[in-house]
Amino acid sequence: MNLAEMFAEYLPRIEAEMRDVLAAPSQAVARNYEVIQYHMGWRDEELRPLGAASGGKRIRPMLCLLACAAVGGDPETAIPAAAGLELLHNFSLLHDDIEDNSDTRRHRPTAWTIFGLPLALNAGDSMFGLAHLAFQRLPGRGVAPATALAALGIFDEMCRSLTDGQYLDMSFETRLDVTVDEYFAMIDGKTAALLAASPAIGALIGGAMPQVTGAYRRFGRALGLAFQLQDDVLGIWGDESETGKSAASDILTRKKSLPVVYALADEWVGGELRRLYEGPAFTAEDVPTVLALLDKARAREYTEARAADALAEARHALVTVTPARADMQDVLSELLSSLINRRS
Ligand code: IPE
Ligand code: IPE
Ligand code: MG
Ligand code: MG
């Protein structure tokens, strides 16, 4: 099977598991679940059910199932974990859009701009709990309770890293002295932790030994770093009609994405850029000025080179393990390659 065939085979099962987990338990609270279902791409702005879901790329659950299969496990047993990982990802996006003041995600208005902050925050909280409940379904699929508990342990450590990373991301908005090392610690938390946990949990459920699980974790982490570096580039130079997210928002909210961290330390443009960032809040008119300075510092080229390094590291981690199913390992490799030059 190739990547497209794996998606065709397993995406409907992941979606079905998530829909089951996200079903409203009673009419009285139905609205809370409708907000969640809107965010998942299953309902439109009037909360009418949508035929074709307009959700995300579903990379994390696929990493989980592929790693499970590669170590010789049955991906079917890992579906609750795959669903839980994707739900946790979606919880993080729901809260991230509030934290980042973003009004567009996946080509649609963000949930908080439609339903208001209180309901969007609460829907996110529900999703956090429901993602955990998905993991409670593992023993029902034949996963040993001790393995399910260990998977939940990795999952919860990841939740801590992710939210610590989100804290760092926000705390950097008001700083001008963020170092490249601090930047990497931040994205290690906010993005790489979940992409590392996804194949690690899949491998664990598939019966892998700790050393093998560790290799899949390193693979996912490096892939996650590359993924965020690409997101930083897309967040500034991407095409909004492809990313589905507003291009100027990272600049307007003074995010210390790597291009900005790099240019702030540049000996030619750093001084001018710092003066701009020390001044009053940016408006849309300031964006081209900031972009010109980033271009002058060759910040995009630097960020893309670091992304290429991380992708190479991910590829290396993958070849350190001898998989039980080489065909599934090849699909993991294909997934990695598909992220090179991604545009959304
Ligand atoms: C967006 O992740 C958040 C980041 C970690 C950069 P994705 O790009 O995987 O989001 P979706 O789920 O495909 O929309
Ligand atoms: C990515 O955050 C990580 C999480 C959402 C936890 P970003 O703020 O960098 O990602 P986008 O660009 O909004 O998707
Ligand atoms: Mg964001
Ligand atoms: Mg963010």
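A few notes on this one:
- Counting only helices (runs of 4 or more DSSP H) that sit wholly inside the range 1-79, those with at least 1 residues that are more than 24 Å from D97 (Cβ to Cβ) are 3-21, 59-70.
- As a summary of the residue check, P139 satisfies the conditions (1) more than 20 Å from R60 (Cβ to Cβ); (2) of a type outside the set (A, V, I, L, M, F, W, C); (3) touching a residue at least 60 places away in the same chain (Cβ under 8 Å); (4) in contact with a helix residue (DSSP H, G or I) (Cβ under 6 Å, 6 or more places away or on another chain) except for the one numbered (3).
- The range 241-266 - residue that is more than 15 Å from V287 (Cα to Cα) and out of contact with any Lys or Arg (no Cβ under 7 Å at 6 or more places or on another chain) and, of those, surrounded by the fewest Cβ atoms within 10 Å (Cβ to Cβ): S241
- Comparison of M209, M170 shows that the only residue that is at pLDDT 95 or above, surrounded by fewer than 18 Cβ atoms within 10 Å (Cβ to Cβ) and within 18 Å of M328 (Cα to Cα) is M209.
- For the range 272-331, a residue qualifies if it is part of a loop (DSSP other than H, G, I, E, B), without any contact (Cβ under 8 Å) to a residue 40 or more places away in the chain and out of contact with any Leu (no Cβ under 7 Å at 6 or more places or on another chain), and the qualifying residues are G279, P280, A281, T283, A297, R298, T322.
- Annotation: of all residues in the range 100-109 being assigned to a loop (DSSP other than H, G, I, E, B) and more than 20 Å from T163 (Cα to Cα), the one that is nearest to the chain's Cα centre (by Cα) is R106.
- Note on the range 241-256: among residues that are touching a residue at least 60 places away in the same chain (Cβ under 8 Å) and part of a loop (DSSP other than H, G, I, E, B), the one that is farthest from R298 (Cα to Cα) is G244.
- Any hit, the range 108-129, residues being of a type in the set (D, E, K, R), over 17 Å from E15 (Cα atoms), within 16 Å of ligand 1 (Cβ to nearest atom) and out of contact with any Pro (no Cβ under 8 Å at 6 or more places or on another chain): yes
- Candidates A123, A134, A150: the one that is of a type outside the set (K, R), away from ligand 3 (no atom under 16 Å from the Cβ) and over 23 Å from R58 (Cβ atoms) is A150.
The rows are residues; the columns are (1) in a helix (DSSP H, G or I); (2) hydroxyl-bearing (S, T, Y); (3) within 15 Å of ligand 1 (Cβ to nearest atom); (4) over 22 Å from the mean Cα position of the chain (by Cα).
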| position | (1), (2), (3), (4) |
| --- | --- |
| V143 | no, no, no, yes |
| F155 | yes, no, no, no |
| L176 | no, no, no, yes |
| F184 | yes, no, yes, no |
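- Answer from R275, R221 - the residue that is surrounded by fewer than 19 Cβ atoms within 10 Å (Cβ to Cβ) and out of contact with any Cys (no Cβ under 9 Å at 6 or more places or on another chain): R275
The values are calculated or read from the model by the stated rules, or taken from the named source; none is laboratory data. Since we're looking at a predicted model, the values are computed, not measured. FYI the Cβ positions are ideal-geometry reconstructions off the backbone, even for glycines, and counts take in every protein chain you see.
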